[in-house]
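The values are calculated or read from the model by the stated rules, or taken from the named source; none is laboratory data. This structure is a prediction, so every number in the text was calculated from the model and none was measured. Neighbour counts run over all protein chains shown; Cβ positions are idealised from the backbone, glycine included.
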């Protein structure tokens, strides 16, 4: 199956085209920037920084995060399809992929928490420990993804 | 090392760039004074225009002195000297006329006990023309000595474009001479306790510090442009360049500290409603120390390609592998160091782009549930990102600077966009109208344009940065 993917025309085009790979990488870079920074902004707000931003207005940042995640999945797939067999054999990549899955699930749960609880946080002027724990875990996982990606680039077999 | 000039040529190259850089900064303050209606700032500018005019006397005298001293030297072309002389005379005449007009206005307003004006925009007009002419004169002055700029030797994939050397010569004067004027304004502002001038000086410190980044990059590129391949008839020592680069590293950190302190105060004063006197003094102290580093850096830079100012007593470095810069290059070539700093660089660009994107969301009206002041708090993340990436970027460039500058067509635009993006962000801390935008309100149109520019500039930085290895 993976070998079949690797032999498709699409895979060959991205691999060999002058612009395919760099273009996908560039999109991937924008997605990284938005996911990491917006989760960080929300996280720091919940930790007590940037106190002028109302908790309820943080909801507005989620559409950007979802859009960025879609960009990541698409551009990530495009990058992966060039050499799926090698990626799957690389321990660093498998770890990163698992972290991405965990990160996405955490972000979704955290989003549901903030949608439900933001108004009550605003009313009593503090965040539930559940909210803080969620955002800390989400942030930790996404930052690990970035570090793992650098390790794959420099240490791995790819 | 002799910092005090001991020849006419040395004195001339030391003071001759002050009018052009000074005019830019004083004109900036002058326009700010007109817009804010601050008579004190306006009078200070008029005084300084006069001082710049007085400076034309030693510039003229030292210029004539250098002409006499260098006339027998075959290194310098008579034609280039004469062209520079003609344009220089016109420039100095207009600088002098602008200074006289400024002082006449100062004297008239003082006698009539009224606020200073500018009848027929005479001072504004004359100083603007003077600025244009001094830039032309500077350019023609560099042509006399810097023959490498006209070098036609260009080997594909080997020669670094001489445009980098040219850019370095222009850029390095902006922080150096710029800090002299910024410090003068800043001390005046502190003594007179003038808020407009304090804010203006802090802004100039930030801008000059940001320009330190392209100066350093262009300098690194200029090193390759001058040494690989060597330029015939111009003797350049890599060891002397390394001495200059080591001092430039100190300058880069000095600029980072001063620029950061100044930016933090601009940012923080928004919430406190005033400047912190202690912090302002910290900025002044850092600026003075940085100016010291820059003076020595500039002097060492001058020694690279100005044999006419060297003295027999000067001992120049001879070991091209000595010093911090060479050591850093060797360290950064190791994969563990490079990968670690690249990871820092990645987190840094996330912070910058996130802050720029959040600012754009709010100012363009997609995140109106927060006030502008609330979003403004987030800019500190972008600031931390810029600091992280200036340091990590500098180190990564040192790992293989030749490769970055020789063939990468994306590197120069990336650096230019960093400068534009970083300077444009300062606008968010300066605009009073924007500051008052509450939750639910629309931002002014001018701010929207700036937000778009900030976003596009940083997006461009990421695009060129990510494409770098492929271009």
Scan region B:440-456 for residues that are in contact (Cβ under 8 Å) with a residue 60 or more places away in the chain and either buried (at least 17 other Cβ atoms within 10 Å of the Cβ) or under 26 Å from residue B:195 (Cβ atoms) (or both) and report the count.
7
Near pairs, Cβ below 9 angstrom, 6+ apart or cross-chain, from region A:74-85 (touching a residue at least 24 places away in the same chain (Cβ under 8 Å)) to any residue that is assigned to a loop (DSSP other than H, G, I, E, B) and surrounded by fewer than 17 Cβ atoms within 10 Å (Cβ to Cβ):
A:81/A:8; A:83/A:158; A:84/A:1
Kindly indicate which of B:288, B:280, B:311, B:316 is at pLDDT 95 or above and surrounded by fewer than 19 Cβ atoms within 10 Å (Cβ to Cβ).
B:288
Is one or more of the residues making up region B:109-122 modelled with pLDDT of 90 or more, assigned to a helix (DSSP H, G or I) and within 30 Å of residue B:141 (Cβ to Cβ)?
yes
Out of B:138, B:79, I need the residue that is more than 16 Å from residue B:46 (Cβ to Cβ), in a helix (DSSP H, G or I) and out of contact with any helix residue (DSSP H, G or I) (no Cβ under 9 Å at 6 or more places or on another chain). Which one?
B:79
Restricting to helices (runs of 4 or more DSSP H) lying wholly in region B:297-415: which have 3 or more residues that are under 28 Å from residue A:142 (Cβ atoms)?
B:335-364, B:372-399
Considering only residues of region A:116-142 that are touching a helix residue (DSSP H, G or I) at 6+ places or on another chain (Cβ under 7 Å) and within 14 Å of chain B (Cβ to nearest Cβ), which is surrounded by the most Cβ atoms within 10 Å (Cβ to Cβ)?
A:142
Condition first: more than 7 Å from chain A (Cβ to nearest Cβ) and touching a residue at least 60 places away in the same chain (Cβ under 8 Å). Now tell me which residues in region B:343-354 satisfy that.
B:352
Go through region B:356-379 and count every residue that is surrounded by 24 or more Cβ atoms within 10 Å (Cβ to Cβ), more than 7 Å from every other protein chain (Cβ to nearest Cβ) and within 28 Å of the chain's Cα centre (by Cα).
2
Check on residue B:73, over 25 Å from residue B:172 (Cα atoms) and without any contact (Cβ under 8 Å) to a residue 24 or more places away in the chain
no
Within region A:135-154, identify whether any single residue is assigned to a loop (DSSP other than H, G, I, E, B) and farther than 21 Å from residue B:466 by Cβ, and answer yes or no.
no
Can you find a residue that is within 10 Å of chain A (Cβ to nearest Cβ) and within 30 Å of residue A:36 (Cβ to Cβ) anywhere in region B:327-334?
no
Would you check which residues across region A:51-63 are within 21 Å of the chain's Cα centre (by Cα) and within 7 Å of chain B (Cβ to nearest Cβ) and list them?
A:60
Could you figure out which of (1) within 27 Å of the chain's Cα centre (by Cα); (2) surrounded by 14 or more Cβ atoms within 10 Å (Cβ to Cβ); (3) in a helix (DSSP H, G or I) isn't true of residue B:35?
(2)
Here is a list: B:163, B:137. Which entry is closer than 28 Å to residue B:67 by Cα and surrounded by fewer than 16 Cβ atoms within 10 Å (Cβ to Cβ)?
B:163
Please specify each residue of region A:5-50 satisfying the condition of being in contact (Cβ under 8 Å) with a residue 24 or more places away in the chain, within 22 Å of residue A:133 (Cα to Cα), assigned to a helix (DSSP H, G or I) and more than 8 Å from every other protein chain (Cβ to nearest Cβ).
A:35, A:39, A:42, A:43, A:46
